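Have a look at the structure below, then the notes.
The values are calculated or read from the model by the stated rules, or taken from the named source; none is laboratory data. Values in this document were obtained by computation on a predicted structure and should not be read as measured data. Positions of Cβ are backbone-derived with ideal geometry, glycine not excepted, and every protein chain shown enters the neighbour counts.
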Amino acid sequence: MRILGIETSCDETGIAIYDDEKGLLAHQLYSQVKLHADYGGVVPELASRDHSRKIIPLIRQTLAEANCSSDDIDGVAYTAGPGLVGALLVGASVARSLAYAWGKPAVAVHHMEGHLLAPMLEEHKPDFPFLALLVSGGHTQMVRVDGIGRYEVMGESIDDAAGEAFDKTAKLLGLDYPGGPRLSKLAEKGDSSRFTFPRPMTTKPGLDFSFSGLKTSAANTIRAESNDDQTRADIARAFEDAVVDTLAIKLKRALKITGLKRLVVAGGVSANRHLREQLELLMKKRGGEVFYPRLEFCADNGAMIAYAGMQRLKANQTVGLEISATPRWPMDELPPV
Ligand code: KG4
Ligand code: ZN
């Protein structure tokens with residue numbers, strides 16, 4: 001069976017074709033980063049318009065790359081949520097129209113399930129059950145995963161997501177959007193002993209996160225200190241250390257509660273080198289293992305949507321013809337497969 005996957009939840013148009021026997025056949029990604037850079041963040045209306053412009057040519061290109069025609073496709077999966085409603089509706093309209101025209105079923109995919117299952121596209125993939133840390137621009141969640149669609153959200157951010165905190169702090173440091181990777185690069189030159197920011201919500205029990213206060217700590221330090229390159233690098237370092245430590249402290253707790261030995265880390269922030277190093281150390285000490293998607297599939301992409309869509313298609317979890325999106329969609333509402 002073959003499925004076409006379409007991702008348009010934010011500022012990336014991602015298209016892929018996944019075959020349940022041969023694996024990933026083709027994938028294409030168009031990033032709108034340049035379009036939004038002048039505004040310092042994603043402008044939803046511009047995002048929707050750009051998805052509309054790019055989606056059909058990208059689908060054509062992906063079909064050609066996989067040497068497929070519409071006859072070879074058994075279903076069309078698309079990101080139905082969570083995400084920007086206008087952007088989601090572009091993907092939903094195209095996916096459901098294609099499914100109708102081709103006489104194939106459509107599959108509505110949860111964006112975070114896509115991230116969570118992205119490591120399954122690799123040769124070395126985790127068995128169930130595992131603990132997943134999802135760290136993206138819109139979400140920070142710790143999820144116990146017992147199978148596909150068997151998710152228990154154990155903790156999540158009560159305010160800014162980890163990626164969002166990275167981006168906002170980067171902006172305060174004068175870095176261009178998207179600031180997360182830029183801040184991380186700057187932090188490499190920073191001295192971690194100069195500033196120390198709090199590890200929010202780690203002194204209280206519980207598994208939820210809060211990152212908006214960290215951004216305030218960084219803002220106050222930026223205001224109080226001189227604006228030279230070394231100081232900016234030191235602040236970036238203190239910020240990154242605080243986020244990574246906070247995530248690691250909460251993960252340790254969740255691993256202890258669940259007794260799990262396998263950890264999946266996915267979403268845009270899972271590309272962070274410092275985070276990877278710390279989590280690898282943590283899992284090694286516990287005799288466990290960390291699994292990631294390949295770097296290009298850490299951030300938004302069509303491949304993860306095609307993979308998640310395939311699991312749902314095989315379970316006959318398809319949707320009707322009405323074009324709709326689900327901008328807010330709790331992950332534990334998903335049905336098991
Ligand atoms: O998963 P993703 O592509 O989009 C969402 O679903 O939100 O994640 C994007 C987020 C952005 O906030 C970006 O700054 C952050 O991931 N990010 C990073 C790094 N690479 C991407 N944050 C920290 N360090 C990185 N190396
Ligand atoms: Zn994402």
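Among the residues in the stretch 241-248, are any small (Gly, Ala, Ser) and in contact with a helix residue (DSSP H, G or I) (Cβ under 7 Å, 6 or more places away or on another chain)? Show your work before the answer.
Taking the stretch 241-248 and keeping what is small (Gly, Ala, Ser), we get 242, 248.
Okay, now just the ones that are also in contact with a helix residue (DSSP H, G or I) (Cβ under 7 Å, 6 or more places away or on another chain), so 242, 248.
Scanning the stretch 241-248, I find at least one residue that is small (Gly, Ala, Ser) and in contact with a helix residue (DSSP H, G or I) (Cβ under 7 Å, 6 or more places away or on another chain), so the answer is yes.
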**OP:** Would you mind telling me which numbered condition in (1) under 22 Å from the mean Cα position of the chain (by Cα); (2) buried (at least 16 other Cβ atoms within 10 Å of the Cβ) Ile222 fails?
**Re:** (1)
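Taking the stretch 254-296 on its own, how many of its residues are of a type outside the set (A, V, I, L, M) and within 23 Å of Glu113 (Cβ to Cβ)?
At the first step, the residues of the stretch 254-296 found to be of a type outside the set (A, V, I, L, M) are 256, 258-259, 261-262, 267-268, 270, 272-274, 276-278, 280, 284-289, 291-294, 296.
Within this subset, residues satisfying the condition of being within 23 Å of Glu113 (Cβ to Cβ) are 258, 261-262, 267-268, 270, 272, 276, 288-289, 291-294, 296.
The number of residues fulfilling the criteria is 15.
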**OP:** Write out, first by first residue and then by second, each pair whose Cβ atoms fall under 9 Å of each other, whose residues are 6+ apart or on separate chains, and whose first residue, in the stretch 150-164, is within 26 Å of Phe239 (Cα to Cα) and touching a residue at least 60 places away in the same chain (Cβ under 8 Å) while the second is of a type in the set (Val, Ile, Thr) and more than 16 Å from ligand 1 (Cβ to nearest atom).
**Re:** Met154/Ile257; Met154/Thr258
**OP:** Pick out the one residue from Thr258, Thr246 that is closer than 23 Å to Phe128 by Cα and either free of Cβ contacts under 8 Å to residues at least 40 places away in the same chain or polar (S, T, N, Q) (or both).
**Re:** Thr258
Original post:
For the stretch 306-328, does any single residue satisfy the condition of being within 16 Å of ligand 1 (Cβ to nearest atom) and surrounded by fewer than 17 Cβ atoms within 10 Å (Cβ to Cβ)?
Top reply: yes
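Just to check your reading of the model, which residue among Gly190, Gly179 is surrounded by 15 or more Cβ atoms within 10 Å (Cβ to Cβ) and free of Cβ contacts under 8 Å to residues at least 24 places away in the same chain?
Details: Gly190 fails: free of Cβ contacts under 8 Å to residues at least 24 places away in the same chain.
Going through Gly190, Gly179 in turn, the sole match is Gly179.
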**OP:** Looking for whichever is in contact with a Pro (Cβ under 7 Å, 6 or more places away or on another chain) and among the basic types (Lys, Arg) here; the options are Arg49, Arg150, Arg60. Which one fits?
**Re:** Arg150
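So that you can scan it fast, the table gives a plain yes or no per residue for (1) surrounded by fewer than 22 Cβ atoms within 10 Å (Cβ to Cβ); (2) modelled with pLDDT of 95 or more:
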{"site": "Ala161", "(1), (2)": "no, yes"}
{"site": "Thr196", "(1), (2)": "yes, yes"}
{"site": "Leu207", "(1), (2)": "yes, yes"}
{"site": "Ser212", "(1), (2)": "yes, no"}
{"site": "Ser226", "(1), (2)": "yes, no"}
{"site": "Thr231", "(1), (2)": "yes, yes"}
{"site": "Asp234", "(1), (2)": "no, yes"}
{"site": "Arg237", "(1), (2)": "no, yes"}
{"site": "Thr246", "(1), (2)": "no, yes"}
**OP:** Determine which single condition Glu280 fails, assuming it passes every other condition in (1) away from ligand 2 (no atom under 16 Å from the Cβ); (2) closer than 26 Å to Ile73 by Cβ.
**Re:** (2)
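Take the conditions away from ligand 1 (no atom under 12 Å from the Cβ), closer than 22 Å to Val337 by Cα, surrounded by 20 or more Cβ atoms within 10 Å (Cβ to Cβ) and not charged (D, E, K, R) and apply them to Leu131. Does it pass? It would help to see each step written out before you state the result.
On the way: away from ligand 1 (no atom under 12 Å from the Cβ): yes; closer than 22 Å to Val337 by Cα: yes; surrounded by 20 or more Cβ atoms within 10 Å (Cβ to Cβ): yes; not charged (D, E, K, R): yes.
Against the criterion (away from ligand 1 (no atom under 12 Å from the Cβ), closer than 22 Å to Val337 by Cα, surrounded by 20 or more Cβ atoms within 10 Å (Cβ to Cβ) and not charged (D, E, K, R)), Leu131 qualifies.
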